[in-house]
Amino acid sequence: MSGIHLIVGLGNPGRQYQNTRHNCGFMVLEYLADRWGIPLRLEKRFRGRWGEGVALQAKQRLLLPETYMNLSGESVRTVVDWYKISADQVLVIYDDMDLPLGRIRLRANGSSGGHNGIKSLIQHLGTQEFPRLRIGVGQPKGEKDVVGHVLGGFSEKEQPCWSQVLRVAAEAVETLIQQDLSTAMNRFNALDICPTPSSSA
């Protein structure tokens, strides 16, 4: 069993951001909460949506910061302090433009890669040493700018692939929890989830 004591999904609160690429972390965590039967509710002391319950024969704690992306670390820090969790026991799930849709990547640590949510976590946790699951959303196509890309939703053509990504990302998290990070990395980091033209649409 891994030593993960908190799973965080990054995103922005509000209906306008609900199904955007930048909210992949929220969507994966919501999928896991539903899969595990753990209800999520607003928890003011943690400044986020929070769920706690037993799944995979262990206590699972789920957090979706409601601080907006660039202040995510403030919310995570309150939970880490409350439960006395170390940074390496926190798994963070978020979107990554450097990976195409249909690819996911687990890592034990690393820099922010320009991601504002991860920048905030590094700042507030005081370390880069926390595991993360990056969810590929691809680069903007044509004249679309970066902001328009990440704050846009998946196209109708991309939806079937995104549905598969959600399922596989959940399996990757479960493998990490039930076994360990290196096993999950070996199984999922090289996986092309949507080996069809729709994965690059």
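Rounded to the nearest 5, what is the percent of antiparallel bridges among the DSSP beta bridges in the stretch 1-150?
Antiparallel bridges: around 60 percent, rounded to the nearest 5.
Just the accessible area per residue of the chain, please: how many Å² with a 1.4 Å probe?
Using a 1.4 Å probe on heavy atoms only, each residue of the chain averages 46 Å².
When DSSP assigns beta bridges and you keep just the ones with both residues in the stretch 61-201, what percent turn out antiparallel, to the nearest 5?
45 percent
How big is the charge dipole of the stretch 38-98 about its Cα centre, in debye rounded to the nearest 20, if each Lys and Arg gets +1 on its Cβ and each Asp and Glu gets -1 on its Cβ?
460 debye
Mind checking Rg over Rh on the chain, alpha carbons, Kirkwood formula for Rh?
That ratio equals 0.94.
Would you please give the residues with an amide H less than 5 Å from that of I93, counting only those at least 5 places away or on a separate chain, with H modeled from the backbone geometry?
Long-range HN contacts for I93: V8, G9, L10, L133.
In percent, how large is the relative contact order of the chain, given Cα pairs closer than 8 Å and 6 or more residues apart?
26 percent
Just the number, please: carbon plus sulfur as a percent of the accessible area of the stretch 1-57, 1.4 Å probe, no ligands or DNA/RNA counted.
C and S atoms contribute 46 percent here.
For every other residue with a beta carbon closer than 15 angstrom to the beta carbon of P65, add +1 if it is Lys or Arg and -1 if Asp or Glu, then tell me the sum.
Its environment carries a net charge of +3.
Pairs of lysine in the chain with Cα under 26 Å and at least 8 positions apart or on different chains: total?
Step by step, the pairs that qualify in the chain add up to 9.
If r is the Cβ-Cβ distance from Y83 to Q159 and R0 is 25 Å, what FRET efficiency results, to the nearest 0.05?
In this case the efficiency is close to 0.10.
Which residue fluctuates the most in the chain, going by a Gaussian network model with Cα springs under 10 Å, if the choices are L32, L64, L151?
In the Gaussian network model the winner is L151.
Tell me, in nm to one decimal, what length is gained between D180 and V146 on full extension, where the rule is 0.36 nm per residue of separation less the Cα-Cα distance?
So the extension gain works out to 8.8 nm.
Count the net charge of all other residues whose Cβ sits under 15 Å from the Cβ of V54, scoring Lys and Arg as +1 and Asp and Glu as -1.
Residues near V54 contribute +1 overall.
Every cysteine in the chain with no other Cys Cβ under 4.7 Å from its Cβ, please list them in numeric order.
Singleton cysteines: C24.
What is the percent of Cα-Cα separations in the stretch 1-103 that go past 25 Å?
Counting pairs separated by more than 25 Å, the tail of P(r) holds 15 percent.
Determine how many Å³ per residue the convex hull of the Cα atoms of the stretch 85-201 encloses.
Cα-based convex hull of the stretch 85-201, divided per residue, equals 102 Å³.
The values are calculated or read from the model by the stated rules, or taken from the named source; none is laboratory data. In this text the structure is predicted, and so the values were computed from the model without any measurement. For neighbour counting, all protein chains shown are included, and Cβ atoms are generated from backbone atoms with ideal geometry for every residue, glycine included. Calculation scope for accessible area: heavy atoms of the full protein, side chains included, ligands and nucleic acids excluded. Shrake-Rupley method; radii C 1.70, N 1.55, O 1.52, S 1.80 Å.
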